[in-house]
Amino acid sequence: MPLIEQPPPPSGGALLAKLHEINAKHGYLPEQYLRSAADKLGIPLSQVYSAATFYSAFSLKPRGRHTIKVCMGTACYIRGGDRLLEKVEATLGLKNGETTNDLVFTLETVHCLGSCSMAPVMRVDNDTYGRMKADHLPRILKKYRPIDIAAQEFKEQGI
Amino acid sequence: MKVRTRSDLAKLRSDGLSTLYPPGLRISVGMATCGLAAGAAEVYDALHDEADRLGLYLMLIPTGCIGYCQQEPLVDVRVSGRGRLLYARVTPDRARNMIASLAAGDLPAEGALAYIPEENSELSKPSEALAGVPLLNELPFYSQQRKIVLRNSGLIDPVSLEEYIAREGYQSLALALLDDTPQGVIDHVLDSGLRGRGGAGFPTGRKWQTCHGIQAQSKYIICNGDEGDPGAYVDRTVLEGDPYSVIEGMTIGGYAIGAREGFIYVRDEYPLAIERITQALAQAEKLGLLGENIFSSGFDFNASIVRGAGAFVCGEETALISSIEGGLGEPRPRPPFPATSGLWGKPTIINNVKTLATIPAIIRHGADWYASIGTEGNTGTVVFSLVGKVANTGLVEVPLGLTLYDMIESIGGGGLNGKQVKAIQTGGPSGGCLPTALYNLPITYENMTQAGSIMGSGGMVVMDEDTCMVDVARYFLGFTMAESCGKCTPCREGTRYMYDILTRITSGEGTLKDLELLEEVAEWVKTASLCGLGQTAPNPVLSTLRYFRDEYEAHVKDKRCPAGFCRALIRLTILPDLCTGCGLCQRECPVGAISGEKKKLHVIDQELCTHCRLCYNICPEGAVEIVR
């Protein structure tokens with residue numbers, strides 16, 4: 001054993017925790033907060049930047065207020081997850097990874113939400129919806145963007 | 001209050017017993033993520049509001065998952081002196097009716113899935129009035145199960161330390177700290193034969209022994225809850241439904257190896273698990289079961305949670321360590337193994353959630369007891385999340401050595417909607433697809449590896465005749481390609497290369513030479529990659545080539561997808577004789593390719609059609625035909 005051991009860094013997972021905190025507050029990682037995180041933790045900005053871009057939970061660009069995650073786990077995939085994604089894309093007029101112009105929704109896929117028995121599954125923020133069928137979509141989306149979706153429905157029905 | 005002695009524990013135990021088995025009415029609603037996805041929150045609210053309205057006094061508890069996810073939302077109704085019934089697929093309306101019946105003094109047998117027998121209690125078997133209801137442990141889904149890891153999940157209030165203690169919780173930590181030495185604890189684990197349930201199957205006791213034998217100022221123990229394999233959700237269920245079992249197992253592990261600090265790494269996609277573990281850690285700390293001088297034994301142990309951020313590779317232990325240290329989740333070569341040089345260069349043990357949840361049971365009931373379950377060299381139980389195209393989906397914990405047939409046909413009830421099962425996929429993107437010809441294969445670590453798959457961390461995805469095996473291989477390579485951290489070339493480039501070949505094949509542009517090339521690349525990615533992600537990434541390709549080569553050849557030679565799945569190789573048409581003009585397909589089509597007036601024949605515009613098959617799936621008359 002060496003006579004003097006280096007003291008361990010203050011706490012494990014500190015950088016990830018900080019990034020989560022910024023992300024939760026702003027929905028993405030604005031540059032000035034990354035700079036101040038680097039200062040606070042006493043680590044180079046490059047290290048903060050590489051973590052911010054390595055992990056899929058973070059984004060450097062503004063995201064919608066609500067994040068839709070369509071599950072692409074194995075069970076969801078073989079039970080039609082890719083089709084569910086297409087339906088969401090068609091409904092919102094978005095491609096996977098994009099954000100609506102009004103910054104309400106960001107659409108993403110996720111590798112597994114761990115609700116495989118309910119396949120296909122999608123999640124909006126922290127609400128998980130299982131046994132999804134395409135016709136459940138309007139009702140679910142309406143919860144998060146009431147006015148716009150209603151308007152679209154009216155348009156469809158010619159009202 | 002702080003728990004310092006066994007009698008303190010006994011006091012909490014009696015508190016827990018009084019809520020687990022209260023004199024009146026207790027209703028538990030399965031509210032793990034799977035239950036919530038099925039609508040359990042609405043059921044809970046309906047029960048709550050209706051009971052309130054009728055002035056019915058009851059304990060209403062959100063619990064974890066009892067495993068039979070297929071039947072979710074599940075509601076467990078216990079009436080002291082009367083019986084205990086499990087109701088399946090409960091809707092808010094049914095929930096309100098149940099409350100009305102209960103308020104009227106009824107415990108309706110109608111609609112009950114099963115009777116939950118309680119050991120050594122007045123409710124050990126159903127009364128005459130409930131005699132027609134099958135026992136839970138006699139349902140085909142449960143009859144071969146043996147619950148150790150899942151012993152409490154769905155039965156206790158996950159954040160109630162008292163209820164955990166009432167079901168033998170923290171007895172094992174007391175045994176270890178008060179009556180045993182660290183070496184003694186390691187000996188029990190060694191003798192039990194427990195192997196790492198993260199998938200690799202390395203003997204847990206040997207890992208601990210190595211770490212125990214190293215002198216160091218600080219050591220660490222990490223619980224790996226970065227359950228990234230698609231199709232697996234066992235760790236999530238344990239963390240959500242029985243968080244204290246993991247914390248207790250980890251504390252015992254810390255004592256055995258000489259660590260005073262632990263980390264529980266939970267993936268970002270599991271917000272409820274993160275919430276439950278955070279609550280449980282705070283509660284354990286408050287009662288002195290974490291912190292200084294636990295059970296007045298002089299042993300100090302602290303644990304904290306680290307929330308992942310959506311990187312599959314962090315499930316690999318060296319990448320996970322790097323992620324906790326604040327670096328990128330990139331693996332490094334082993335040796336040195338973390339047991340000698342891990343977190344911040346200190347000896348570190350990393351155990352899976354299921355492994356740690358098993359530890360208290362081994363300490364409490366003895367190594368011999370555990371070793372008597374399962375088969376030689378593969379002792380104890382294994383938990384699978386049985387999902388995909390199977391009739392009964394859910395979590396299944398069985399003794400090692402059961403066959404695939406037992407899992408899929410006896411427990412799982414065979415294919416979904418009576419369709420023929422074609423393949424069983426285990427081990428996520430690191431595993432393989434096994435054919436039903438191997439139905440009689442006993443499930444052991446060695447058998448699964450020899451057959452070209454792996455035991456893995458718990459995913460068991462059933463595939464049927466409608467699943468294209470070439471597309472499944474492409475799906476997995478798409479996954480590993482996206483999740484490859486990019487550090488080593490064979491994995492970064494090789495997975496992309498294999499993905500490109502598979503995409504060519506599924507688009508009908510593959511050649512026979514592509515098959516050879518695929519095998520060649522697969523071999524070198526397997527041999528030359530740095531970590532487990534790359535080394536196992538070719539498994540889905542190699543196993544499907546081994547068992548389902550005819551499907552590859554059909555794609556390449558005949559430009560035909562036998563499963564009728566690959567979009568470039570199929571066409572969809574509507575059969576005039578069967579179409580009733582109901583319009584369902586028209587509404588379902590995401591690209592507006594279907595036209596037709598109500599009650600008249602509908603037609604698919606082949607120019608617009610993307611071959612997504614949504615119309616095929618929704619047509620109640622079976623009028624949509626896949627032309628292969």
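The values are calculated or read from the model by the stated rules, or taken from the named source; none is laboratory data. This structure is a prediction, so every number in the text was calculated from the model and none was measured. Note that each Cβ is placed from the backbone with ideal geometry, even for glycine, and that neighbours are counted across all protein chains shown.
Being hydroxyl-bearing (Ser, Thr, Tyr) and assigned to a helix (DSSP H, G or I) is the filter here; which residues of the range B:500-546 pass it?
B:THR503, B:THR506, B:THR527, B:THR536, B:SER543, B:THR544
For the range B:569-628, give me the residue count where each residue is within 30 Å of B:GLY510 (Cα to Cα) and not in a strand (DSSP E or B).
Number of matching residues: 20.
Do we find a residue being in contact with a helix residue (DSSP H, G or I) (Cβ under 7 Å, 6 or more places away or on another chain), modelled with pLDDT of 95 or more and either surrounded by fewer than 24 Cβ atoms within 10 Å (Cβ to Cβ) or not hydrophobic (A, V, I, L, M, F, W, C) (or both) anywhere in the range B:405-412?
no
Quickly run through the range B:582-600 and pick out the residues that are more than 12 Å from every other protein chain (Cβ to nearest Cβ) and exposed (fewer than 15 other Cβ atoms within 10 Å of the Cβ).
Listed by number, the residues that qualify are B:SER595, B:GLU597, B:LYS598, B:LYS599, B:LYS600.
Within the range A:58-92, which residues are of a type in the set (A, V, I, L, M, F, W, C), within 7 Å of another protein chain (Cβ to nearest Cβ) and either on the phi > 0 side of the Ramachandran plot or surrounded by 23 or more Cβ atoms within 10 Å (Cβ to Cβ) (or both)?
A:ALA75, A:ILE78
Of everything in the range B:80-89, what is within 23 Å of B:PRO22 (Cα to Cα) and either surrounded by 23 or more Cβ atoms within 10 Å (Cβ to Cβ) or at pLDDT 95 or above (or both)? Give them in sequence order.
B:GLY83, B:ARG84, B:LEU85, B:LEU86, B:TYR87, B:ALA88, listed by residue number.
Yes or no: B:THR63 of a type in the set (S, T, N, Q), surrounded by fewer than 19 Cβ atoms within 10 Å (Cβ to Cβ), outside the structural domain of B:GLY388 (by TED's automatic domain parsing) and within 30 Å of B:LYS389 (Cα to Cα)?
No: the conditions fail for B:THR63.
With within 14 Å of chain A (Cβ to nearest Cβ) and either surrounded by 19 or more Cβ atoms within 10 Å (Cβ to Cβ) or touching a strand residue (DSSP E or B) at 6+ places or on another chain (Cβ under 6 Å) (or both) as the only criterion, which of B:MET498, B:MET460 stands out?
B:MET460
Does B:GLY198 satisfy the criteria of being in contact with a Cys (Cβ under 9 Å, 6 or more places away or on another chain) and either more than 14 Å from chain A (Cβ to nearest Cβ) or surrounded by fewer than 23 Cβ atoms within 10 Å (Cβ to Cβ) (or both)?
Answer is no for this residue.
Before we move on, is B:ASP179 away from chain A (no Cβ under 14 Å) and out of contact with any helix residue (DSSP H, G or I) (no Cβ under 8 Å at 6 or more places or on another chain)?
yes
Residues checked against (1) more than 14 Å from chain A (Cβ to nearest Cβ); (2) under 25 Å from B:ASN137 (Cβ atoms); (3) part of a helix (DSSP H, G or I):
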site	(1), (2), (3)
B:GLY401	yes, yes, no
B:GLN425	no, no, no
B:TYR475	no, no, yes
B:LYS487	no, no, no
